[in-house]
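Student: Got a structure here, written out as structure tokens. Questions coming.
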């Protein structure tokens with residue numbers, strides 16, 4: 001009898017524990033299945049980015065169209081946040097494009113994706129208008145992801161532009177790194193994309209894993225009690241502050257150039273021209289706002305090293321400095337470290353000029369060869 005009583009008490013305890021845990025188990029499912037995607041997020045990026053289900057082919061959920069009032073990632077939900085209405089489209093592969101055509105392909109980071117930019121302000125769309133060619137944003141992604149993607153083997157672009165924000169350039173992976181993983185994800189992504197049911201299941205599982213309400217609540221607590229640190233000078237927020245403008249040795253510059261030269265050779269093996277376009281840090285262009293006011297020399301030294309190796313570079317720093325210092329134009333939002341639409345337009349103009357000159361040179365060489373054959 002005593003044994004039976006103990007069993008009943010254990011069962012009652014388990015039932016109480018189950019009832020206690022049930023809301024915490026059900027809530028993430030309700031977030032993912034019932035509530036709108038952006039209920040607890042402050043940017044489209046967090047709303048549709050892939051967190052855990054790394055079997056999807058792209059960095060974002062496929063075939064999305066969202067509009068949202070965003071705030072910058074460096075000071076969200078603070079008095080310094082600058083609100084902006086943005087629109088996003090993602091293609092069937094989970095990249096930020098309206099379609100999948102790729103005559104010119106852009107590989108890069110969140111700046112190329114267009115964080116805190118509306119769709120029509122992204123580099124891909126602005127450059128497409130300048131060139132009159134189909135420009136595809138393959139970002140955030142790496143050259144290795146491109147080399148491991150079958151659709152680009154079957155339909156290669158005419159030109160590949162690799163771009164990176166200055167602070168990420170030292171971290172760019174050499175050709176060959178994680179090649180097998182990229183190919184595997186390309187294959188699993190193709191299988192998931194072929195089925196609406198599999199896509200829904202993958203996206204729903206990923207949304208459940210995000211625990212959006214939990215992370216939003218935690219961030220709000222950290223801000224309220226001053227645990228979240230901000231790098232702020234003269235009402236401008238920065239990603240890395242003084243560290244971004246640190247010095248690099250000659251050996252470090254050469255090692256970085258080796259990686260970028262490796263990209264050129266890897267693409268040349270496929271018959272694809274390569275262009276590198278670095279994007280200056282906010283700390284670089286706004287260096288006078290920082291305590292040391294030190295102007296970094298990393299990009300000029302890297303550009304010179306690459307040019308000595310005949311690696312094609314589109315140098316944006318001089319143009320950005322002129323726009324900011326002489327024309328007094330802001331190139332970055334106050335609450336974010338990514339470039340704004342003015343900086344994108346300037347970079348697109350420089351890049352378009354280079355690509356058009358390259359096309360003209362190729363056409364002239366072709367005509368000359370035809371004349372010789374005649």
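Readers should treat all values here as calculations from the given coordinates under stated rules, not as data from a laboratory. Bear in mind that the values here come from a model prediction, so they are computed numbers and not experimental data.
Student: With the cut-off at 1.5 for a/c, could you classify segment 31-373 from its C-alpha gyration tensor as rounded, prolate or oblate?
Tutor: It comes out oblate by the Cα gyration axes.
Student: Moving on to the next point. Rounded if a/c is under 1.5, else prolate if a/b is larger than b/c, else oblate: which is segment 72-183, with a ≥ b ≥ c the root eigenvalues of its Cα gyration tensor?
Tutor: Oblate shape, in that a/c is at least 1.5 and b/c is the bigger or equal ratio.
Student: Label segment 24-135 by shape, choosing from rounded, prolate and oblate, from the square roots a ≥ b ≥ c of the eigenvalues of the Cα gyration tensor; if a/c is under 1.5 it is rounded, and otherwise prolate applies when a/b is larger than b/c, oblate when it is not.
Tutor: Judged from the Cα gyration tensor, segment 24-135 comes out oblate (a/c at least 1.5, b/c at or above a/b).
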